[in-house]
Amino acid sequence: MTVRMLLVINKSGGLIYHRSFEADVDEGLNSNDYLILASILHGSFAIATQLTPKALQLSQSSSRNIDYTVPYIPYVGMPRGRTGNERTKSTASTSQGKLGSFKGDDFFKEPFQSWNRSGVRQLCTDEFTMYIYQTMTGLKFVVVTSQGTLSPANPSSSNNIFNIHVADNFLRKIYCLYSDYVMKDPFYSLEMPIKSTLFDKQVKQMVDNLV
Amino acid sequence: MSTPTQSKSLKTIGEDTWKNKTEKVNAELFTLTYGAIVSQLCADYDRDFQKVNNHLFSMGYNIGVRLIEDFLARTALPRCENMVKTSEMISKCAFKIFLNMTPQVTNWSTEKDAFSLMLEENPLSDFVELPVDAMKQLWYSNVLCGVLKGALEMVQLDCDVWFISDILKGDSQTELRIKLNKVLKDEVPIGED
Amino acid sequence: MPQYFAIIGKKDNPIYEAEFTSQQGQQGQLQQGFQQNLKELNAFILHASLDIVEDLQWQVNPNAQHGKGGFLRSKNVTNIDNCYLGKVDHFYGLAITAYVTYGGMKLVMIHGGPPNGNTQIDDNMVKSFYQEVHELYVKTLMNPFYRLNEPIPSPAFDSRVRALARKYLNR
Amino acid sequence: MSQKIILPSTSDDGVYTQSDGYEYTIGPKQSLPNEANAIPTPSRIYSESLIYRKQEVSLSAMAFLFQEMIATIHRASSSAQDFETRLNGYGYGIGTRLVELLNLRNSIPPNYSKSSTFLSNSSSTSVNESHGSSGTGTGTLSSASDHSHHYHENGTESLAAVISNMKPRDLKILDILQFVHGTMWTYLFGCASDDLVKSSERDNEYMIVDNLPVLTQFIPAGRSCDYFTCGIIQGFLDSAEFPCRVSAHSMPQGELDQRTVYLIQFDKHVLERDNLRFGS
């Protein structure tokens, strides 16, 4: 079970970031294909909101009882061995830079509400599983994993809702990295493809920590 | 079980996020940097303070459209249903998390679509005394209006934000006004409703 | 006894000047400032002493030789206050004291004395005056609209400096 | 025709008018007889204390303001060199202010700053509080703010009054660099810089090392954006009469790929003065 690809799609459906984490996986698709893939995904995401099955729509009207809270799963994507307050002995300045503008040993510590109520959150096929996290500003973070789930702790893929929650935790942290290393980069213009090497590095590190 | 984030009030979320989850810097570095920007702008536009106001507003707007992503990534708070909730979010969460201050919300319009923020202490304007010719026209902290405009627009709230009064101009208090023009319904990301 | 005070910028340009007179003139006649012909000379007297100030400001204990006792002359006393340079020069009975700020601004003052004898300087009072004016200057400098080496026209600054002069110099 | 000497100072009319400040074209004004009881002209910056209030804002807010400043300068500059010079200029002004502010604050006796103005004269402070709040008209004390602005003359705002001896001016190159490396860096970025090194090749070169610059940690290849900090250092040293040129260089070292070295090259005469006055 590994993360095979990460996509970031802006609110108008344009692909602004794409990264695959397995060398041999995508020799077929070139960057143009990824653009098309992203806009198809964006389109189908929207269509899916209308396709929710009748039963779900009925219960949706009283959606108060559907609980959209994503529980906090500790240290998803954080460096191994982060038990409690183990802090590397690096000097204050470098440890301060560990989480950029965030403080502490994890980006967030409480459960949170997912904004994505009626859109696609998980797409399972026999080849891969895709998770989508959408923000209030319309930004989509997509992660594609090989069969099964993101976290080794729960190999059996039966418990789907847990996988979605792990994916949401992971993708919200990618969103935090995005808010630090892309939004605070003066040479990045909005809605354009992300070229920041720092963002790349941080994402790579977080994916490595997942395995 | 009731979702914990709702029960925790915005005030506690703001304070907790500020205390435990935000890296901080010396406020005077922030003040001095902003002071350098404004005085350089006044020189560049050779004291045409209306142009300086506009430039500060557009700088703020550019910041606001980016800052909203940081705020949402950091807090992941649900969308506000009305302007009252929005005003709470701005004064108790946003200002606290970014500038460690909580402006008072007052002067609600009858239709509850406009309100004022009273900035008691404003880190931007420490050490500042406006030169005489700037007293009438320059809104020194105009960047804040731009930030609010930009951030609110990104969550589909088209608002007007402007200063009513500023202690730097000799007024008794600093008041910033926010008025909702319309909710940009068609730009709400699909999948939320 | 009157004083002529000036803050000298980095290019030896005055950014603030003022004359202070003592409150109670002898037996109620209008306090006398500097005699007329001296008023024009003040600026020249002051600028003449700038070279001395520029030399003194780099000495480890510049104000040590003011009869502060021999033991203070030891070389390794490095933590003494070297902003206040004490009396740096004199001109026919007029004493000139100086003070250098951390940003290289020179606060210099000519102390007018009684017509015949030369002037006695109360170091503590003069030093306190300089320190408080130094703080006022730093407050002026911290304003982002103030550019280094620019004259300080603010009435608030002027009225406060004069209040300090009354408090420390002309009891 | 009576020979009338032109009076350099024009304050010969005895009537006291509100002082309208120093006018450098006219020259010094003589203080006037009945000035003793005049209250000083109200002013915001002079009635506020320079004491360090340890206020903080979020790194995000600073990073966003910084990146917008960089974007603005970048749009206006024609070349990389032009960009660096302009950015240096923004920092330079801050450096010239910090040399005075930080040294003045360093002169305050330690126990004073700890007890801070609120304790040392609590009685008058309570007066400040009520006075302060009524002054702001809203009547409600600004509960959230842990410090309140004193906008009135009560003497507690002057620090110089409590300073018996000013901190000595730094005269040697090493002393001023220690101040930059320690006090100034801690003031700006929260901790002392990671190293202060004398270059081995030329004796007028010193280096300050920062493993992860706080302001440019989010900017890829941000070294040219570090000229803001170069400006602060240069403004600081120039003002303290140690004229120099400061440049930022990327020196990655193992994990620390954003490690930056600020190269400080002092002018020749600073070296000569240092050797002449304090040479070994």
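Readers should treat all values here as calculations from the given coordinates under stated rules, not as data from a laboratory. Given the structure is predicted, the values throughout are model-derived calculations rather than measurements. As a convention, Cβ positions derive from the backbone with ideal geometry for all residues, glycine included, and neighbour counts pool all protein chains shown.
Brief remarks follow.
- Among the listed pairs A:103/A:204; A:140/B:92; A:195/B:149; B:21/B:96; A:173/B:182, those with a Cα-Cα distance over 24 Å are A:140/B:92; A:195/B:149; A:173/B:182.
- GNM flexibility winner over chain B from B:30, B:49, B:127 (Cα, springs under 10 Å): B:127
- In plain terms, the residue of B:120, B:153 with the fewest other Cβ atoms within 10 Å comes first and the most crowded comes last, giving B:153, B:120.
- In this label model, residue B:136 and residue A:52 are separated by 5.8 nm, measuring between points 7 Å along each Cα→Cβ vector.
- The fewest-to-most ranking of A:200, A:168, C:89 by surrounding Cβ atoms within 10 Å reads A:200, C:89, A:168.
- Taking one quarter of the surface of the C-alpha convex hull of region D:159-267 gives a mean projected area of 7.9 nm².
- Segment residue B:181-residue B:47, length gained on full extension (0.36 nm per residue, minus Cα span): 45.1 nm
- Approximate spin-label separation residue A:34-residue D:53, in nm, with each point projected 7 Å along Cα-to-Cβ: 4.9
- The long axis of helix B:49-75 is offset from the longest Cα principal axis of chain B by roughly 30 degrees.
- Inter-probe distance in nm under a simple model that places probes 7 Å from Cα toward Cβ, at residue D:172 and residue B:11: 5.6
- FRET efficiency for residue D:275 and residue C:12, using Cβ-Cβ distance with R0 set to 30 Å, rounded to 0.05: 0.70
- Set of aspartates and glutamates near residue C:127 by C-alpha distance (under 12 Å), chain-local residues within fewer than 8 positions excluded: C:81
- Comparing mean-square fluctuations of B:128, B:143, B:84 from a GNM of chain B with C-alpha springs under 10 Å, the top value falls on B:128.
- For q = 0.11, 0.20, 0.23 Å⁻¹, Debye-computed log10 I/I(0) when each Cα of region B:1-97 counts as one equal scatterer: -0.47, -1.07, -1.22
- Listed by chain and number, the aspartates and glutamates whose alpha-carbon sits under 13 Å from that of residue B:136, ignoring those within fewer than 8 places in the same chain, are B:48, B:166, B:171.
- Sites residue B:171 and residue A:109 - FRET efficiency at Förster radius 35 Å, r taken between beta-carbons, to 0.05: 0.25
- Per residue Cα convex hull volume in Å³ - calculated over region B:26-183: 107
- Note: relative contact order over chain B, using C-alpha pairs below 8 Å and six or more positions apart, is 25 percent.
- Residue ranges A:193-199, A:3-9 sort as A:3-9, A:193-199 when ordered by packing (mean number of other C-beta atoms within 10 Å per residue, highest first).
- FRET efficiency for the residue D:187 to residue A:68 pair, using the beta carbon distance and R₀ = 45 Å, is estimated at 0.50.
- Helix B:142-154 vs. chain B, principal-axis angle (Cα, 0 to 90°, nearest 10): 30
- Residues A:208, D:194, sorted so that the one with the fewest Cβ neighbours within 10 Å comes first: A:208, D:194
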